[in-house]
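K.L.:
The structure follows.
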Amino acid sequence: MLRRWVLAILMATCGVLVAAAQLADDLPVVGGVELVVFLALALLLSPWAFPRSMGAAEAQRASALDGRPIVYWRPGCHYCLRLRFSLGRLARRAHWVDIWRDPAAAAAVRAVAGGNETVPTVALGDQAVVNPDRAWFREQLRSS
């Protein structure tokens, strides 16, 4: 559980330390701006930047019913973050599964990624795409 939050906690801690140093140097505005930047980075690197994550089994059942794709991801992955933010509101049309939270999800990714836990991996029906093209995936979500 803690592993999912390590980068976010590290960014927030750095922000507090940098802001405290700026306050000690009598630069409160600079310290405040730097704190906001670090907290924004912490938010981006946290699991909160993604839609609600579900288990692999639940996502597979839901995908079989509604035909929506499954996106396997993990916190701190900049490729996952780029995909997530390139989708905007369309991200809600996919089922998101955190592979660090569900060992079955990590196994599903390893099965299609040559034994590696390469994310993001998108499962759409019988097809699985490792690190998909963002434009292609947006189109898939629009059509689902």
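The values are calculated or read from the model by the stated rules, or taken from the named source; none is laboratory data. For clarity, every value in this text was computed on a predicted model and none was experimentally measured. Please note: Cβ atoms are built from the backbone with ideal geometry, for glycine as well, and neighbour counts cover all protein chains shown. The protein model used for the area step is the full one, side chains on, heavy atoms only, and it has no ligands, DNA or RNA in it. Shrake-Rupley method; radii C 1.70, N 1.55, O 1.52, S 1.80 Å.
K.L.:
Using a probe radius of 1.4 Å on heavy atoms only, what accessible surface per residue do you get for the chain? Whole Å² is fine.
P.N.:
Ligands and nucleic acids excluded, the figure is 56 Å² per residue.
K.L.:
Still on this model: Multiply the residue gap between R61 and A40 by 0.36 nm, knock off their C-alpha separation, and tell me the result in nm, one decimal place. Don't skip to the answer; put the middle values down first.
P.N.:
Numbers: separation 21, 0.36 × 21 = 7.56 nm, distance 3.44 nm.
So the extension gain works out to 4.1 nm.
K.L.:
Still on this structure, please answer the following. Can you pull the percent of the stretch 1-61's accessible area that's carbon plus sulfur, 1.4 Å probe, other chains left in place?
P.N.:
With neighbouring chains kept in place, the figure for the stretch 1-61 is 76 percent.
K.L.:
Given (i) 9.2; (ii) 11.0; (iii) 7.9 as candidate values of mean projected area of the Cα convex hull in nm², which corresponds to the one derived from the coordinates?
P.N.:
So the structure-derived entry is (i).
K.L.:
Can you list which of the trypsin sites (Lys or Arg not before Pro) found in the stretch 1-56 are DSSP loop residues with at most 14 other C-beta atoms within 10 Å?
P.N.:
Passing sites in the stretch 1-56 are R52.
K.L.:
Among all cysteines in the chain, which have no other cysteine Cβ under 4.7 Å from their own Cβ?
P.N.:
Here C14 come out as lacking a disulfide-compatible partner, given the Cβ-Cβ threshold of under 4.7 Å.
K.L.:
A further question on this structure: Considering the options A56, C77, A104, tell which one lies farthest towards the positive end of the dipole of the stretch 47-107, charges being +1 on Lys and Arg and -1 on Asp and Glu at the Cβ, about the Cα centre.
P.N.:
C77
K.L.:
If you don't mind, another one. What does the charge dipole of the stretch 13-144 about its Cα centre add up to, to the nearest 20 debye, if the Cβ of each Lys and Arg holds +1 and the Cβ of each Asp and Glu holds -1?
P.N.:
For the stretch 13-144, the charge dipole is close to 560 debye.
K.L.:
Compare the peptides 20-27, 43-50 by average per-residue count of other Cβ atoms within 10 angstrom and give them in order, highest first. Intermediate results must be reported in sequence, preceding the final value.
P.N.:
Details: 20-27: 12.2, 43-50: 16.6.
Per-residue mean Cβ counts within 10 Å order the peptides as 43-50, 20-27.
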